[in-house]
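These notes concern the structure reproduced below.
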Amino acid sequence: METRANYVQVGAFVLAVLAGLALFAIWMTRSGDKGTAYYTYFSGSVTGLNVGSPVRYRGVPVGSVDDIVIDPENIERIRVTMRIRPDAPIQVDAVASLESAGITGGSYVQIKGGRKGTPRLESKDGEIPVIPSEPGLLGSLADQAPQLLQNLVTLSERANEFLSPDNSKALAGILADLKTLTQQLSGAGPDLASAMKNLDRLSQDLRTEVPKLTQSLQSSLKEIDGMSADLHGLVRENRAPIRDFSNNGLVQLTAAIADLRRLIDSLSRVAERVDRDPREFLFGGTGRGVDPRQGVPTR
């Protein structure tokens, strides 16, 4: 009986020690290394994120997820409570995002941002500080997935249209024409080489002649400038006679031209009369003429 009582006492002692160790471990995890509480809000799905999931600052573990609930003030958001080590540099410009842990399918909270000299994110009026969030890589892909699928469908439809029988036939014709053109260009290789040589020779000739032509043009321009200067000097020296001619001689010249025009009109009328009837012009309409056969006047 005494031996059996000893076994019971030993067993009870062992159980008590194990229970104490368990309580100590729980106390250490919940009290000794609990960390500072922070909120962050996600508007998308948080699939794969669980209580106890890691919280990392630029990839370095700094805490864990303590709670995940639907925001009581806005059911379109998920509120995530994080416990982060007090020595972690969580500053006012820090940003949280939801990232994938890889092939395991789990997720974690990634915190980035924070520049040197930026103040720390502290609690105000006893409220838990909030770290702003932004879509992570998975969130961005999930948001853009419908548009990407629509673009793929549109691309597939356009590819089918491009590869229709009519377009395929037209493309085959274009390729055949291109092949023919390539063959023709291959056959015209010597002619093209000769043409290129002639073009090179012409370019060299132009390179030689252009400076000469430029020099000749410059000489001509200088001569024109000289003639312009001479004409300007001539006009300046004869400005008074030119002005007198404009005031008096031009009027007289106009009158002389008018008289000359009247004289030309008179001569034109005389020429018309002579051409029409020379006899009437010489002897008049009532005068007696001379019979050319007898040489005597006639009535």
Q) Can you tell me how many residues in the range 84-129 are part of a loop (DSSP other than H, G, I, E, B), charged (D, E, K, R) and closer than 12 Å to Val55 by Cβ? A) 1
Q.
Can you report the number of residues in the range 81-105 which are over 17 Å from Val62 (Cβ atoms) and not hydrophobic (A, V, I, L, M, F, W, C)?
A. 4
Q: State which residue pairs qualify: first residue in contact (Cβ under 8 Å) with a residue 40 or more places away in the chain and inside the range 182-196, second residue surrounded by 10 or more Cβ atoms within 10 Å (Cβ to Cβ) and not small (Gly, Ala, Ser) in any location, beta carbons under 6 Å apart, and separation of 6 or more residues or different chains.
A: none
Q. Hey, among the residues in the range 273-286 that are surrounded by 10 or more Cβ atoms within 10 Å (Cβ to Cβ) and part of a helix (DSSP H, G or I), which one's modelled with the highest pLDDT?
A. Arg273
Q | Failed criterion for Phe42 (all others in (1) touching a helix residue (DSSP H, G or I) at 6+ places or on another chain (Cβ under 9 Å); (2) surrounded by 14 or more Cβ atoms within 10 Å (Cβ to Cβ); (3) modelled with pLDDT under 90 hold) | A | (3)
(Q) When the residues of the range 54-83 are narrowed to those that are of a type in the set (Lys, Arg) and outside any strand (DSSP E or B), which ends up modelled with the highest pLDDT? (A) Arg77
(Q) Given the criteria loosely packed, with under 10 Cβ neighbours inside 10 Å, assigned to a helix (DSSP H, G or I) and over 52 Å from the mean Cα position of the chain (by Cα), does Arg236 qualify? (A) yes
Q) Across the range 125-172, which residue is modelled with the highest pLDDT among those that are surrounded by 13 or more Cβ atoms within 10 Å (Cβ to Cβ) and among the hydroxyl-bearing types (Ser, Thr, Tyr)? A) Ser133
Q. So is Asp71 within 27 Å of Arg115 (Cβ to Cβ) and among the acidic types (Asp, Glu) or not?
A. no
Q) In this structure, is Val210 under 42 Å from the mean Cα position of the chain (by Cα), of a type in the set (Val, Ile, Thr) and closer than 30 Å to Lys112 by Cβ? A) no
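The values are calculated or read from the model by the stated rules, or taken from the named source; none is laboratory data. Computed from a prediction, not measured in an experiment: that's the story for all the values here. Methodologically, a virtual Cβ is constructed for each residue, glycine included, from the backbone with ideal geometry; neighbour enumeration extends over all protein chains shown.
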